[in-house]
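Scroll down for the structure; my scribbles are underneath it.
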Amino acid sequence: MYPNILRHPGPTPIPKKVQLAMNQDMISHRTEEFVRLYQETTNRVKPIFGTEQDILLLPSGGAAALEAAAVNSVSPGDEVVVITVGAFGNYFVSICEKNGFKVHKLERSWGEACTEEDLIQFLKPLSNIKAVFATYNETSTGILNPIEKLANVVRTHTDALFIVDGVSCLGGAPAEMDQWGIDILVTGSQKAMMLPPGLALLSVSERAWKVIEERNTPSYYLDLLSYREWASKGMTPNTPAISLIFGLSAVCDLIDEEGGFAQTVARHDLMKNMVRESMKALSIGLLTSDEYASPTITAICAPEGIELSPFISHVKEKYHLDFAGGLGHLQGKIFRFGHMGYCFPSDILQAVSLIEAGLQDFSYSFEPGSGVLAAQKVFLSAQSK
């Protein structure tokens, strides 16, 4: 039986080393052994966030951590700005509205980034904004928002907290939480972090802790003050995802083996360029511009003359190559090629080759091998530097 070639934006493939780490004997979360595991592992994750602050681990998906960031720092009736450039930016809108915040939605067309000038102009007529929420990497469109620049705008023009969803890019994109001025940064386990779903990672600035202390959220399970208190003891307030934390430690080992996190980021950037140049060589459109293209996922337009849903189904059934389709109004118009986490240039060459095979099955007009050749050139150029 052929293995499934998972090129989704999450969940993503799990390295064998991580699987083996997660399979070791269970331990209690109230032991010295767990305390050592928790403290050592969370300290090793700090470079991925670019922070000296604690990394808090929640036994949840990323959405719960996004809600924790919101309900701990903002009160019902407070005014917030939510930057949305796609489906997952709208998650933040829903979270904020359901918790009774007054939401000012800065919305850009799907496939476009929010620029610093967009945010400056949007903030001008507003006052007393308590928080600005943004998605670093928009999974539905393959956009990487210029978070460093947006953070600077928030700092310069408001007293608001800057809260960032990094779920689909942390582990594969640069993040300098402390240096850029991000107040709360969140990610999930099942994407560039090379783990199964079920673990959320979150870090909070000193500035945000002061707000959270005054807010004193009524939430029990998502109370970040409780997580901070228990983290000081090397534990979590409730039962943690122990197996996933074993796996997270192995993920840190793999990053070290690659040569450090900067090399991991460089690999993701290389794969992004390989995918984009291969699609250009095949005359297949890309939803986003090169300037704001995600290093972890590429949104690819339907090849001319091909109905996308049957094509995606065909390459999965015949070639075992598994892509994600479009969301919302982009359904049937794009497919999403995930290249994050446990994914390497050789995987990109394999996937592009199988895309070409599928295109030939659908009588698409192109020069066979041109996409693979374009990807190879990007790879070889990077190797020669």
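For residue 16, the aspartates and glutamates whose Cα falls under 14 Å of its own Cα, not counting residues fewer than eight places away in the same chain, are 253. Across the stretch 354-366, computed HN-Hα scalar couplings (Karplus, 6.51 cos²θ - 1.76 cosθ + 1.60, θ = phi - 60°) run 6, 4, 4, 4, x, 4, 5, 4, 9, 6, 6, 7, 6 Hz from first to last residue, x flagging Gly and Pro. The H on the amide N of residue 293, modeled in the peptide plane, is under 5 Å from the matching H of 144, each at least 5 residues off or on a different chain.
The string of couplings for the stretch 317-331 from the Karplus curve (6.51, -1.76, 1.60, θ = phi - 60°) is 5, 8, 10, 6, 9, 10, 9, 9, x, x, 10, x, 6, 8, 4 Hz, one whole number per residue in order, with x for Gly and Pro. Relative to the longest principal axis of the Cα atoms of the chain, the long axis of helix 32-49 makes an angle of roughly 60 degrees.
Report for the stretch 1-145 the percent antiparallel among DSSP-assigned beta bridges with both residues inside it, nearest 5.
Values: 2 of 12 bridges.
Of the beta bridges lying entirely in the stretch 1-145, close to 15 percent run antiparallel.
Here the average projected area of the convex hull drawn through the C-alpha atoms of the chain stands at 19.2 nm². Take the residue pairs 130/233; 46/124; 124/149 and return only those whose Cα atoms are more than 24 Å apart. Going by Cα-Cα distance, 130/233; 46/124 fall outside the 24 Å limit.
How large is the charge dipole for the stretch 209-300, taken about the Cα centre, if only the Cβ atoms of Lys, Arg (+1) and Asp, Glu (-1) carry charge, to the nearest 20 debye? Walk me through the numbers on the way to the answer.
Numbers: 8 positive and 12 negative charges, 42 e Å.
Result for the stretch 209-300 is approximately 200 debye, rounded to the nearest 20.
Ellipticity at 222 nm from helices only: DSSP H runs of n ≥ 4 in the chain, each -39500 (n - 2.57), divided by the residue count, give -14000 deg cm²/dmol. Each Lys and Arg Cβ is given +1 and each Asp and Glu Cβ -1; about its Cα centre, the chain then shows a dipole of about 280 debye. Scaled to the globular estimate 2.2 N^0.38 Å, the Cα spread of the stretch 95-136, given as radius of gyration, is 1.24. Partners of residue 17 within straight-line reach, counting lysines whose Cα lies under 19 Å from its Cα and excluding those fewer than 8 residues away in the same chain: 191. Under a Gaussian network description of the chain, with springs only between Cα atoms under 10 Å, the residue in 98, 280, 149 that fluctuates furthest is 98. Placing one equal scatterer on every Cα of the stretch 144-235 and applying the Debye formula, the log10 ratio I(q)/I(0) at q = 0.14 Å⁻¹ is -0.58.
For the chain, give me the percentage of DSSP beta bridges that are antiparallel, rounded to the nearest 5 percent. Mind dumping the intermediate values first?
Working: 20 of 41 bridges.
For the chain, the DSSP antiparallel bridge percentage is about 50.
Ignoring lysines fewer than eight residues from residue 377 along the same chain, the ones with Cα atoms less than 20 angstrom from its Cα are 272, 280, 385.
Farthest towards the positive end of the charge dipole of the stretch 279-385, among the residues 346, 357, 301, is the Cα of 346, using unit charges on the Cβ of Lys, Arg, Asp and Glu.
Where a number appears in this text, it was derived from the coordinates with a stated rule and is not lab data. Being a predicted model, the structure only gives us computed values, none of them experimental. Note: ideal-geometry Cβ built from the backbone for every residue, glycine included; neighbour counts use all protein chains shown.
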